[in-house]
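In what follows, a structure is listed as structure tokens, so that the remarks can point back to it.
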Amino acid sequence: MSKIQIPLGPQHPALKEPENFALVLDGEMIVDATVNIGYNHRGVEKALENRNYIQDIYLIERICGICSHSHVSCYINAVEEIAKVDVPQRAKAIRTIVGELERIHSHLLWLGVAAFELGYDTLFMYTWRDREQVLDCLELLTGNRVNYGINTIGGVRRDITKEQADEILKKIKYLHERTSYYVGVVTEEPTFLARTQNVGKLPKNVALELNAVGPTARASGIEIDVRKDNPYFIYDQLDFKVITYNSEDVFGRAVVRVLEIIESIKMIEQILKNLPEGPVSVKVGWKIGPGEAVSRYEAPRGEDIHYVKANGTEYPERVKVRAPTLANFQSLPYCLKNGYLADAIITIAAIDPCMSCTDRAIVYDIKKGKKEVFDWEELRKYSIEFYRRKGIKFS
Amino acid sequence: MSELIKEEEILKEIKDKFFEAVENAIIQRKERIWIDVSENKKLEIMKYLKERGYYHLSTISGFDEGEKLGAIYHITNHKIIINLRVRTPKESPVLKSVLPVYPSATSYEREIEDLFGIKIEGLPPGRNYPLPEGFPKGVHPLRKDVKLEELNKMLDEKCAKEE
């Protein structure tokens, strides 16, 4: 049979990271895959050099809508290290709470998206309904559902009142119940198991060699988590487990994420019950440095790393940002290879690539020299139909 | 400084083994080491580090110091980050690819090529990243001599011409 090449993407202007996959098919098997990215370069790093440190906070917050707090925290840790600021414990605790709430909202969002791509719309509706609870918590604390604007150099911009803490504990308790239910769904529901087990395999040695990060790496049995490896904020005082799983497939990545939600909930409870007293910020001058620092942060998708160089003025000399998705793209072609075309969508979604990807696919038949245009929706339907033919019932 | 034992240990090993290629080696704080290394010994040092468990290349940061361009390789064993800094002259900036040691470096190296105009020797051909197709040739936006206003003006004019 002749080999067929399918370009997936890149047009999806509504989302942040359009990307393109060239998939080479032999029958229904993917034999080769390349990832092409860089369709939406906005020149953020250049823009950061032309703004002052405070302005940069708000620009960095807009690198990513889902993990906005992660990028700002990573940047601010580097700037505060250069400026030798002693951040109050209460501020660190509040940053940690927002960070963990963000992880819960991101993982619930992922679970919903993954379920939707699998054709399991009930789970999608459930998780997105419950995700509203986290967004309410974030709105209560910061005034915003996304782009929280809580961090500033030297601390945080808003304190937590007793009433807010009680309200969050109440909502978190509800989420704990719901997440325990999702753990059951992910590990027992036959539809979910049939579509995720042994799909998108990434063996441990390959994940190590290709430097996978976050839940993708942890599902291949690698114990990598910046919160434990290089503790920042108050993570060194918290009691939590690094969740790993050894199935090395999409199923494992789902298990790791739902169990991480439970760990995050436990952490938030620990902090809110023992919130340190004191001020929430200290004054820091406009001029920073000179000096340089590199800072790592465990974003919902994995290790985020920022390098900041200061020259003693109000403007940074250089800010370098590497988001976790870029690190995980290196191992994605491996995950796609030797899988079915029908599994391509969930395999891509399993690294949680800020769900930008693809809106359009061109099917190119080498033999006939004919092109057909598919969009993401049609490919999704194809994948659901493919498994229905194999006898999986979708409710 | 008993808490810096591991940092001092690995730094001493590198200094002893590659003494002629290492400069300005400092332990900035716990878990942070900065070393200036020479370009021709870079790969050997990385290979050694990888054998010692520093398998994870977090990213590569390019920089422009005026007379010289360069790159910092942030390498970690999960705990300690070793930042290897390499410089190259601005007139003919060339760095060797680190793909033989760190196969995950492709995107990071393309970034250095696009944004700083440093030629990466040994990087397989592919589409450019992250600058879009049709971006003015020979313009490397993160270089300090490229001013934001001029860059914006140039790109506006280019868009106007295409319309």
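The values are calculated or read from the model by the stated rules, or taken from the named source; none is laboratory data. Since the structure is predicted, the reported quantities are computational estimates derived from the model, not experimental observations. Glycine also receives a Cβ, built like all others from the backbone with ideal geometry; neighbour counts cover every protein chain displayed.
Residues of the range A:249-297 that are in contact (Cβ under 8 Å) with a residue 12 or more places away in the chain and of a type in the set (S, T, N, Q): A:Ser264, A:Gln270, A:Ser281, A:Ser295. Of all residues assigned to the range A:177-189, none qualifies as being closer than 30 Å to A:Glu81 by Cα, at pLDDT 95 or above and not basic (Lys, Arg).
When the range B:47-56 is filtered for residues that are within 14 Å of chain A (Cβ to nearest Cβ) and not in a helix (DSSP H, G or I), the ones remaining, listed by number, are B:Gly53, B:Tyr54, B:Tyr55, B:His56. Residue check: A:Ile224 meets all listed conditions (1) more than 15 Å from A:Ala254 (Cβ to Cβ); (2) of a type outside the set (Asp, Glu); (3) part of a helix (DSSP H, G or I); (4) touching a helix residue (DSSP H, G or I) at 6+ places or on another chain (Cβ under 6 Å) but one, namely (3). Say we look at the range B:47-59 and pick out the residues that are over 14 Å from the mean Cα position of the chain (by Cα), crowded, with 18+ Cβ neighbours inside 10 Å and not aliphatic (A, V, I, L, M); which of these is nearest to A:Val294 (Cα to Cα)? Filtering first and then ranking leaves B:His56.
Scanning the range A:309-324 for residues that are more than 10 Å from every other protein chain (Cβ to nearest Cβ), in contact with a strand residue (DSSP E or B) (Cβ under 8 Å, 6 or more places away or on another chain) and either surrounded by 22 or more Cβ atoms within 10 Å (Cβ to Cβ) or touching a residue at least 24 places away in the same chain (Cβ under 8 Å) (or both) yields A:Ala310, A:Pro316, A:Pro324.
Among the residues of the range B:64-110, those identified as at the interface with another protein chain (Cβ under 9 Å from one of its Cβ atoms), in a strand (DSSP E or B) and under 12 Å from the mean Cα position of the chain (by Cα) are B:Asp64, B:Ile72, B:His74, B:Asn83.
Has the range A:40-49 got at least one residue that is touching a Leu at 6+ places or on another chain (Cβ under 7 Å) and not in a helix (DSSP H, G or I)? Yes, some residue in the range A:40-49 is touching a Leu at 6+ places or on another chain (Cβ under 7 Å) and not in a helix (DSSP H, G or I).
Only one of A:Asn211, A:Asn246 is closer than 16 Å to A:Ser331 by Cα and either in contact (Cβ under 8 Å) with a residue 24 or more places away in the chain or in a helix (DSSP H, G or I) (or both); which? Testing whether each residue is closer than 16 Å to A:Ser331 by Cα and either in contact (Cβ under 8 Å) with a residue 24 or more places away in the chain or in a helix (DSSP H, G or I) (or both) leaves just A:Asn211.
State whether one or more residues within the range A:281-298 are of a type outside the set (Asp, Glu), closer than 26 Å to A:Lys204 by Cβ and either surrounded by fewer than 20 Cβ atoms within 10 Å (Cβ to Cβ) or touching a helix residue (DSSP H, G or I) at 6+ places or on another chain (Cβ under 6 Å) (or both). Yes, the range A:281-298 has at least one match. Just for the range A:335-376: of the residues that are of a type in the set (Ser, Thr, Tyr) and touching a Pro at 6+ places or on another chain (Cβ under 9 Å), which one is modelled with the lowest pLDDT? Once the filter is applied, the top-ranked residue is A:Thr358. If only residues of the range B:7-46 that are among the charged types (D, E, K, R) and surrounded by 14 or more Cβ atoms within 10 Å (Cβ to Cβ) are counted, the one that is farthest from the other protein chains (Cβ to nearest Cβ) is B:Lys41. Within the range A:286-308, which residues are of a type in the set (Gly, Ala, Ser), more than 10 Å from every other protein chain (Cβ to nearest Cβ) and within 26 Å of B:Asp64 (Cα to Cα)? Correct list: A:Gly289 only. Scanning the range B:1-35 for residues that are part of a strand (DSSP E or B) and more than 28 Å from A:Arg227 (Cα to Cα) turns up B:Val22, B:Glu23, B:Asn24.
Taking the range A:47-68 as the range and being of a type in the set (Val, Ile, Thr), closer than 17 Å to A:Lys320 by Cβ and at pLDDT 90 or above as the test, the residues that pass are A:Ile57, A:Ile60. In contact with a Lys or Arg (Cβ under 9 Å, 6 or more places away or on another chain), buried (at least 22 other Cβ atoms within 10 Å of the Cβ) and either under 18 Å from A:Leu108 (Cβ atoms) or modelled with pLDDT of 95 or more (or both), is that true of A:Val258? In short, no. The number of residues in the range B:127-145 that are more than 8 Å from chain A (Cβ to nearest Cβ) and surrounded by 11 or more Cβ atoms within 10 Å (Cβ to Cβ) comes to 6.
Checking each residue in the range A:29-66 for being aliphatic (A, V, I, L, M), within 14 Å of chain B (Cβ to nearest Cβ) and within 25 Å of A:Glu81 (Cα to Cα) picks out A:Val44, A:Ala47, A:Leu48, A:Leu59, A:Ile63. In the range A:159-166 there is at least one residue that is at negative phi, among the small types (Gly, Ala, Ser) and either at pLDDT 95 or above or touching a Ser or Thr at 6+ places or on another chain (Cβ under 7 Å) (or both).
For the range A:136-157, the tally of residues that are in a helix (DSSP H, G or I) and either in contact (Cβ under 8 Å) with a residue 60 or more places away in the chain or under 19 Å from A:Asp352 (Cα atoms) (or both) stands at 0.
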